[in-house]
Amino acid sequence: MTVAVLGLLAERARHVYDMRLEMRERGHDHTLKIKNASFYDVLPRLVGAGLITEGETVRDGGRPERTVYHITETGGARLRDWLRELLAGPEGDTSGFTVALMFMFALPRTEVIALLERRAEQMEQHVDEMDEALNAAARNGVGPVFLADHAYPLALRRAELDWLRAFTTRLRDPATHWPDSESPKFESPKKDAK
């Protein structure tokens, strides 16, 4: 949830309703299962940590007043650090990896490609090790029924590895649009209060 809020605020200042609407439009709510209360729990913690600031209060028509939040320089730096950690590994953390994919464009394309390549290398090594262990067990007479609990995760990792390679290739294609920090999608973070 924290990465999602920081990722949305890295694009532009928003109030809670705007964040929820954007997440719903992008389909993020299917992955993150966010409730309204989640925002109201995480926002004060992010403000207290200096990662975001409360800004102006806006009112649209007859709707209640809404506080607009801004990401700080510290918040932007922390978001990028978290994205780096989640994109590169740990292998097997699919929920954190999925959230990082949602907001990976807060990093430069070349860095994301390098992080995904590192993840693929680690995964390839793990797949090779698992494959070797399963083959050794089969050679020792262990039947497939007793190896299914190992074969299934191996199949999932192979599929993820194939996807990582294909996606990284696609990112290298200059025709694949990549928003950068200079695009209108991103605002400059608020200077941290001293």
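Assorted remarks:
- Unique residue being closer than 30 Å to residue 129 by Cα and aliphatic (A, V, I, L, M) when the list is 10, 4, 49, 88: 88
- Count of residues meeting criterion [surrounded by 15 or more Cβ atoms within 10 Å (Cβ to Cβ) and either within 32 Å of the chain's Cα centre (by Cα) or in a helix (DSSP H, G or I) (or both)] in region 132-149: 2
- Consider region 73-87 and keep the residues that are among the small types (Gly, Ala, Ser) and buried (at least 19 other Cβ atoms within 10 Å of the Cβ). The one that is farthest from residue 104 (Cα to Cα) is 75.
- When the residues of region 30-66 are filtered to those that are surrounded by 13 or more Cβ atoms within 10 Å (Cβ to Cβ) and among the polar types (S, T, N, Q), the one that is farthest from residue 16 (Cα to Cα) is 31.
- All positions within region 155-180 that are open to solvent by 100 Å² or more (accessible area, probe 1.4 Å) and under 19 Å from residue 118 (Cβ atoms): 163, 165, 170, 172
- Single residue of region 4-22 satisfying the filter (open to solvent by 20 Å² or more (accessible area, probe 1.4 Å) and of a type in the set (Lys, Arg)) that is modelled with the lowest pLDDT: 20
The values are calculated or read from the model by the stated rules, or taken from the named source; none is laboratory data. All of these numbers come straight from a predicted model, not from anything done at the bench. Please note: Cβ atoms are built from the backbone with ideal geometry, for glycine as well, and neighbour counts cover all protein chains shown. All accessible areas refer to the heavy atoms of the entire protein, side chains included, with ligands and DNA or RNA removed. Shrake-Rupley method; radii C 1.70, N 1.55, O 1.52, S 1.80 Å.
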